Amino acid sequence: MTKPLDAIFFDIDDTLFSTTVFADKARRNAIDAMIRAGLNTKRADAIRELEDVIQEFSSNYGGHFDKVLDRLGVDSHQGNNRAVIVAAGVVGYHGTKESDLKVYDDVYSTLQWLSSKPLTRGIISAGFTIKQAEKLVRLGVLEFVTASAVFFTDQVGFSKPNPKLYRRVLETLDLQPERCVYVGDNPTHDIDPCNNDGWTTVRIRRSGRYAKKEGQTTPDYEIRDFLELRRILETDFNL
């Protein structure tokens, strides 16, 4: 017996692409660009300071590279314009977005396949609106997503794992949880709240910081890639 399905929603980070791998490469490229622009310090020291700044001030903090220079001291940029070194870091980071911010091949092909199916295809992503929106645009999958079904927590007013976030999505689109699927990587923020409200949940455990973490509930499905997701949707939901 197949299950009814009206909508499928996706997380972005470490679900559509490897946020963890991308962020590490982008930060290292930023430090390399700063060194080329005149930062006088060991690469490993600068990377360590940047990682500490991110840990202490969060990834959404706007002054990472300035803080790195503060921590390394005046000698690290003596004789150079501080602003130029910071700008080099920003350009290095954003240059990595241009070259490396892409969905996995299996994600692209599966979303493309889904776009021909008669169901809502949405996004529920945690984070600052402009940052998450930029990721979605750069990933090149907007054409496969239902425009009215994109939700960023900063806009909605509830963040994960608050179940009110997922309830607001259903209310906005007039959907029933038992006819919806959510695909995410974080067991406590993506899977648990949806399980508790009756969604069908799919946990992707491909990579990322939550790959070895367990939640309080068990997902309905666990996958390693989106080709597995497609098989599930074909066999269990008759897509």
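Results for (1) closer than 23 Å to residue 227 by Cβ; (2) hydroxyl-bearing (Ser, Thr, Tyr); (3) under 16 Å from the mean Cα position of the chain (by Cα), shown as yes or no for each residue.
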| position | (1), (2), (3) |
| --- | --- |
| 85 | no, no, no |
| 93 | no, yes, no |
| 108 | yes, yes, yes |
| 112 | yes, no, no |
| 119 | yes, no, no |
| 142 | yes, no, yes |
| 157 | no, no, no |
| 169 | no, no, no |
| 188 | no, yes, yes |
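Do you know which of the residues in segment 204-221 that are charged (D, E, K, R) and surrounded by 14 or more Cβ atoms within 10 Å (Cβ to Cβ) is modelled with the lowest pLDDT?
Residue satisfying both the conditions and the ranking: 206.
Which one is farthest from residue 96 (Cα to Cα), of the residues in segment 33-53 that are surrounded by 17 or more Cβ atoms within 10 Å (Cβ to Cβ) and either touching a residue at least 24 places away in the same chain (Cβ under 8 Å) or not assigned by TED's automatic domain parsing to the domain that holds residue 85 (or both)?
41
Given the structure, is residue 179 touching a Leu at 6+ places or on another chain (Cβ under 7 Å) and over 24 Å from residue 119 (Cβ atoms)?
So residue 179 fails the test.
Taking the residues in segment 99-119 that are closer than 30 Å to residue 71 by Cα and in contact (Cβ under 8 Å) with a residue 24 or more places away in the chain as candidates, determine which candidate is surrounded by the most Cβ atoms within 10 Å (Cβ to Cβ).
If we take residues in segment 99-119 being closer than 30 Å to residue 71 by Cα and in contact (Cβ under 8 Å) with a residue 24 or more places away in the chain, then 101 is surrounded by the most Cβ atoms within 10 Å (Cβ to Cβ).
Does residue 169 count as out of contact with any Asp or Glu (no Cβ under 6 Å at 6 or more places or on another chain), free of Cβ contacts under 8 Å to residues at least 60 places away in the same chain and aliphatic (A, V, I, L, M)?
Values: out of contact with any Asp or Glu (no Cβ under 6 Å at 6 or more places or on another chain): yes; free of Cβ contacts under 8 Å to residues at least 60 places away in the same chain: no; aliphatic (A, V, I, L, M): yes.
Taking the combined requirement at face value, the residue does not satisfy it.
This table checks each residue for (1) closer than 27 Å to residue 23 by Cα; (2) acidic (Asp, Glu); (3) part of a helix (DSSP H, G or I).
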{"residue": "160", "(1), (2), (3)": "yes, no, no"}
{"residue": "172", "(1), (2), (3)": "no, no, yes"}
{"residue": "175", "(1), (2), (3)": "no, no, no"}
{"residue": "189", "(1), (2), (3)": "yes, no, yes"}
{"residue": "207", "(1), (2), (3)": "yes, no, no"}
{"residue": "215", "(1), (2), (3)": "yes, no, no"}
{"residue": "227", "(1), (2), (3)": "yes, no, yes"}
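Answer yes or no as to whether residue 182 is under 25 Å from residue 22 (Cα atoms), among the aromatic types (Phe, Trp, Tyr) and in contact (Cβ under 8 Å) with a residue 40 or more places away in the chain.
Judged against the criteria, residue 182 is a match.
Restricting attention to segment 126-145, and to residues there that are part of a loop (DSSP other than H, G, I, E, B) and either touching a Lys or Arg at 6+ places or on another chain (Cβ under 9 Å) or not assigned by TED's automatic domain parsing to the domain that holds residue 165 (or both), which single residue is surrounded by the fewest Cβ atoms within 10 Å (Cβ to Cβ)?
Going through the qualifying residues, I end up with 140.
What's the number of the condition residue 123 fails, among (1) surrounded by fewer than 18 Cβ atoms within 10 Å (Cβ to Cβ); (2) under 27 Å from residue 96 (Cβ atoms)?
(1)
Being polar (S, T, N, Q), part of a helix (DSSP H, G or I) and within 24 Å of residue 39 (Cβ to Cβ) is the filter here; which residues of segment 65-119 pass it? Talk me through it step by step, then tell me what you get.
Our first condition is that a residue be polar (S, T, N, Q); within segment 65-119, this holds for 76, 78, 80-81, 96, 99, 109-110, 112, 115-116.
Right, trim to part of a helix (DSSP H, G or I) and you get 76, 96, 99, 109-110, 112.
Residues satisfying the conditions are 76, 96, 99.
The values are calculated or read from the model by the stated rules, or taken from the named source; none is laboratory data. Remember, predicted model here, so these are calculated numbers, not experimental data. Backbone-built Cβ (ideal geometry, glycine too); neighbour counts: all protein chains shown.
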